[in-house]
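The values are calculated or read from the model by the stated rules, or taken from the named source; none is laboratory data. Note that the coordinates shown come from a computational prediction; the quantities given were computed from them, not determined experimentally. In this analysis, Cβ positions are derived from the backbone assuming ideal geometry, glycine residues included, and neighbour counts consider all displayed protein chains.
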Amino acid sequence: MRKLSVGLSCVALLLVIVWLARGAPQESRWREVAPGVWRSAGLPCGYALIDGDAALLIGAARGMDWRGLKAPNVRRIERCLLTHHHRDTSALARELIADGIAVDAPKASAEWLHSDGVRRFWNACLPTLVPGQEPGLRDRTFNAFNYLVHPRGIDEIPCSLEDGQVIDWRGWRLTVLATPGHSRDHVAFVATRPVQTTAQPLVFCGDAFATRGKLWSPYTTDWDHWTDLGLKASAESLHKLAALKPAMLCPEHGPVLRDDVVAALEETAKAAEEVGFLKSFERFSKQRLGNEPQYEFLAKEQVATAGEKPWTKLSPHLFLTGNTFVLRSEAGPITVIDPFGAKLGEQIRRLQQDEQLGPIEVVLISHAHNDHYVGLHQLPNRESFEVWTLEDVARPIAEPLRVTAFGLDARSIRTDRWLKANETATWREFSFAVRHFPGQTYFTMGLQTAIDGRQCFFTADNFFHADQFSGSGGWSGRNRGWPDLYAQSAQAVLDAKPDWVLAEHGGAFAFNAEDFQRRVAWGKAAAKAADAISPSGRFRRDWNPSRVQVEPLLVRVRAEETARTSVVIENPLAQPETLRLRLDHGAVTSPWSREIIVPANGTARVELTLTVSDQLPAGRHVVPLIVTSHDIEDGGDNFVVMER
């Protein structure tokens, strides 16, 4: 009953946001929210300070009818200030500039608004192979934890706004306040009228705050793939805003807030701190539960190494260096689990010589991060051995730009055997119970087997000793690493009761049941906290930048020919949703739009067709996919990549 109540509350919240986003009657797309302060309809929204026949805009949101503001009373818009670089809230910047309106942004936004930085970002997300050049380990897909970047830079934006800077405009004083969290470059504008010396400030908070206890698209606080850096910054920014004791808070995603503003900000900061705390299993186990269990590393000299150390012999048939395990058979041939390291070929040859081992027969890949399989390219005689992995791992590593998945190598990896979850795979005298094992990333395989009389569980990067990497590989939206799935995988280890947990990065350790009971509890607690801070009440919806996913993401096109791909939409909510999809095509491709109903707790798929002209330059072109429901734009990072 309680779950039903929470679900209904979340639905009610979304309906309220829709109603507020629609704002005034349809003849006006703007409404006055305070004397001289107007707000545009839809989410995200923009704001306008109006004095006589002049206006200053805050935000350049996609649905903001700035021409409608200009028509009735305002003769000129003198300036536009951006709170951050995200393309949903700065979508109209180029259009405003073309009309002669000066647009300015935070100084830190230059990295994601100006052409050089935008190119660097997309090159990091979409690496290309250079013939004859060995890609570096960090040249892997979506290895840039920033979001909603424009497909092309807007160099006309000066990006000069700095923390503490004061802007005086027609009796208003706007003070720039750095409020990182939702993005690294985020700022708020603290507005006062100097003639009203006792008045509390009005704050244009951008996306630092959405509604009480909620953060819009909370995945944007994932500043890397495993820590709480963005959540910590977000909470600190909310405390800064609360210290101002604002009379009114004006967010870009959410209703204007006038009542209990300080309490709402502090409550939201507390929610951000809680979910940030729960990014770390180590903190949860040691600080919240206390009296943490003691258990040993199996090879402390290998912890956090990268294959440069000599092999450690864990048992007569099992060897470890860095990320790589080697399992020998009685007859001598070997299986390599997670080939990593520039010198792996040399390391394997040395081990074969020292231990009188036979040739490689099988290579197993635990998960779709390239620091666990790039060593495959260093192994000799590729055609003499097979590569096995779970089918959910095989797909993304075979097509690195099929989906927006972090950590894939640009080189396609051919796998010879696609394993299925819950099957048993046999190699010589060893039987491996195959598990789909999501945690740090959805694309993970776990393996259970007996080695030298011990029950062993290969756990990839999901679980580390509590003294290593915060005890886990971290969870983040771009990795599709969900804490509730961490709990499921931890429960699988707990049920298996292995003797050894063969964690990666040299972190193999002895199994401790209480430790894994805590891991299950941690995953559940983290999922609950993530749900709480998500506007829909479901983090699987709001913490997922790829809930709406073009698949395959990269589409190769020829001039004046039509190419096809698919849009796949997940809906984890208990009610269906109707979405409108369209391409922000510009001059890149022909227009395309569809309306689709996504079933409750289900998935929908729609064909996306792309036609380009012969004027399109050769190369890759990012085309944003705009997804809306009523007047609310979806918070995901949705796009397709065309290559001509």
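Odds and ends about this structure:
- Ser329 surrounded by fewer than 21 Cβ atoms within 10 Å (Cβ to Cβ), of a type in the set (Ser, Thr, Tyr) and over 20 Å from Leu447 (Cα atoms): no
- Just one residue in the set Thr389, Thr404, Thr426 is within 22 Å of the chain's Cα centre (by Cα), among the polar types (S, T, N, Q), modelled with pLDDT of 95 or more and farther than 20 Å from Gln491 by Cα; that residue is Thr404.
- Some residue of the range 445-456 being under 25 Å from Thr220 (Cα atoms), not acidic (Asp, Glu) and not in a loop (DSSP other than H, G, I, E, B): no
- The residues listed here are Ser489, Ser412; of these, the one that is under 30 Å from Pro127 (Cβ atoms), touching a helix residue (DSSP H, G or I) at 6+ places or on another chain (Cβ under 9 Å) and either part of a loop (DSSP other than H, G, I, E, B) or of a type in the set (A, V, I, L, M) (or both) is Ser412.
- Qualifying residue in the range 540-558 (condition: without any contact (Cβ under 8 Å) to a residue 60 or more places away in the chain, not in a loop (DSSP other than H, G, I, E, B) and not basic (Lys, Arg)): no
Here's the yes/no breakdown for (1) on the phi < 0 side of the Ramachandran plot; (2) of a type in the set (S, T, N, Q):
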site: Ala529; (1), (2): yes, no
site: Gly537; (1), (2): no, no
site: Gln549; (1), (2): yes, yes
site: Arg556; (1), (2): yes, no
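- Residue count, the range 155-191 (criterion: more than 26 Å from Pro218 (Cβ to Cβ) and not in a strand (DSSP E or B)): 10
- Qualifying residues in the range 302-313 (those that are out of contact with any Phe, Trp or Tyr (no Cβ under 8 Å at 6 or more places or on another chain) and not basic (Lys, Arg)) - the one surrounded by the most Cβ atoms within 10 Å (Cβ to Cβ): Gln302
- Selection status of Ser234, farther than 22 Å from Phe463 by Cβ and of a type in the set (Ser, Thr, Tyr): yes
- Residue among Glu607, Glu560, Glu570, Glu551 that is closer than 30 Å to Gly276 by Cα and acidic (Asp, Glu): Glu570
- Counted residues, the range 607-638 - those being over 14 Å from Val548 (Cβ atoms) and either of a type in the set (Phe, Trp, Tyr) or assigned to a strand (DSSP E or B) (or both): 7
- Ile348 being buried (at least 23 other Cβ atoms within 10 Å of the Cβ), in a helix (DSSP H, G or I) and either in contact (Cβ under 8 Å) with a residue 40 or more places away in the chain or within 27 Å of the chain's Cα centre (by Cα) (or both): no
- For Ile597, the stated conditions hold: it is of a type outside the set (Ser, Thr, Tyr) and free of Cβ contacts under 8 Å to residues at least 24 places away in the same chain.
- If you go through the range 113-147 and pick out every residue that is buried (at least 17 other Cβ atoms within 10 Å of the Cβ) and assigned to a helix (DSSP H, G or I), you end up with 7.
- Failed item in (1) touching a helix residue (DSSP H, G or I) at 6+ places or on another chain (Cβ under 8 Å); (2) buried (at least 24 other Cβ atoms within 10 Å of the Cβ), with Val187 passing the rest: (1)
- Filter pass, Val550 being at pLDDT 95 or above, among the aliphatic types (A, V, I, L, M) and closer than 30 Å to Arg620 by Cβ: yes
- When Leu376 is tested against (1) part of a strand (DSSP E or B); (2) closer than 24 Å to Pro359 by Cα; (3) touching a strand residue (DSSP E or B) at 6+ places or on another chain (Cβ under 7 Å), only condition (1) is not met.
- Scanning the range 68-107 for residues that are in a helix (DSSP H, G or I) and at pLDDT below 95, we see that the one that is farthest from His253 (Cα to Cα) is Lys70.
- Boolean, Ala604 is modelled with pLDDT of 95 or more, touching an Asp or Glu at 6+ places or on another chain (Cβ under 9 Å) and not in a strand (DSSP E or B): no
- Within the set Ala600, Ala618, Ala604, the sole residue that is among the small types (Gly, Ala, Ser), out of contact with any Gly (no Cβ under 7 Å at 6 or more places or on another chain) and surrounded by 13 or more Cβ atoms within 10 Å (Cβ to Cβ) turns out to be Ala604.
- Evaluated against (1) in a helix (DSSP H, G or I); (2) among the aliphatic types (A, V, I, L, M); (3) crowded, with 21+ Cβ neighbours inside 10 Å, Leu502 falls short on exactly one condition, (1).
- You will find that of Ala60, Ala55, Ala110, the residue that is aliphatic (A, V, I, L, M), closer than 17 Å to Glu156 by Cα and outside any helix (DSSP H, G or I) is Ala60 and no other.
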